[in-house]
Amino acid sequence: MNEATVITAQEMMASEMESNADDRLHEEATNTDDPIETEGEETGLSDFSPSSSNGASPRTSGAGVASVIKTPKNGNRMTKSKELMEKLGFPERVQISFTDREIAIAEELPNNDNYFTVKKQKSKGVIYSASLVKEITERFGLDFSDKVSITFHKVRYVQSGQKTVAIITVQEG
């Protein structure tokens with residue numbers, strides 16, 4: 001065996017011994033024989049105050065079908081779920097129309113000449129358009145003062161000629 005091999009073997013043995021010593025110290029620190037305190041003994045849980053933040057949002061139920069995202073740094077966009085994109089046939093561009101409570105999205109809509117390019121992001125569709133986000137925000141009076149996104153959950157699908165139209169409810173009537 002040459003000198004380099006001997007040093008490597010010695011270093012490996014020293015490293016293994018160090019690792020074993022660390023494991024023993026960890027076991028000693030975590031395996032104490034001290035009994036677990038019960039409430040009312042030295043540490044009373046009544047002295048603690050509850051967290052003011054929530055782990056889950058009670059506002060949503062299930063996955064959303066579309067979201068409007070408004071951020072100063074990362075731009076404004078509208079995202080569409082995988083389900084919606086599948087129903088529409090994964091179009092590369094769409095048209096969008098409005099009622100006072102709903103948004104219609106399809107590859108083609110009657111009386112509409114405006115198209116939005118849909119970028120595919122994983123299985124979702126994304127429209128990057130500050131003017132569209134502004135129009136949706138103003139039209140429906142959406143409040144982004146304490147959030148950067150608003151998600152819509154209710155959708156129905158109708159046929160218009162050969163094309164499927166997604167009608168997303170923004171405001172319940």
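A short reminder: the numbers here are calculations on the coordinates, not readings from a lab. Since the model is a prediction, treat every value here as computed from it, not as a measurement. Cβ sites come from the backbone with ideal geometry, for glycine too, and all protein chains shown count toward neighbours.
Of note:
- Unsatisfied cross-links (Cα-Cα over 21 Å) in the set 124/154; 80/147; 80/120; 119/154; 120/147; 119/147: 119/154; 120/147; 119/147
- Taking the convex hull of the alpha carbon positions in the stretch 66-169 and averaging its projected area over all directions gives 6.4 nm².
- Relative contact order (%) - the stretch 89-142, alpha-carbon pairs under 8 angstrom, separation at least six: 30
- Contact order relative to length of the stretch 66-169, as percent, for alpha carbon pairs under 8 angstrom and 6 or more apart: 34
- Cβ-based net charge around residue 165, under 10 Å, with every Lys or Arg adding one and every Asp or Glu removing one: +1
- With a cut-off of 11 Å between beta carbons, the residues surrounding residue 120 carry a summed charge of +4, where Lys and Arg count +1 and Asp and Glu -1.
- Count Lys and Arg as plus one, Asp and Glu as minus one, and take only other residues whose Cβ is under 14 Å from that of residue 89; the net charge is then +1.
- Counting every pair of alpha carbons in the stretch 114-161, the share spaced more than 11 Å apart comes to 79 percent.
- Modelled label reach - residue 156, point 7 Å along Cα→Cβ, the stretch 101-118 residues with backbone N closer than 16 Å: 101-105
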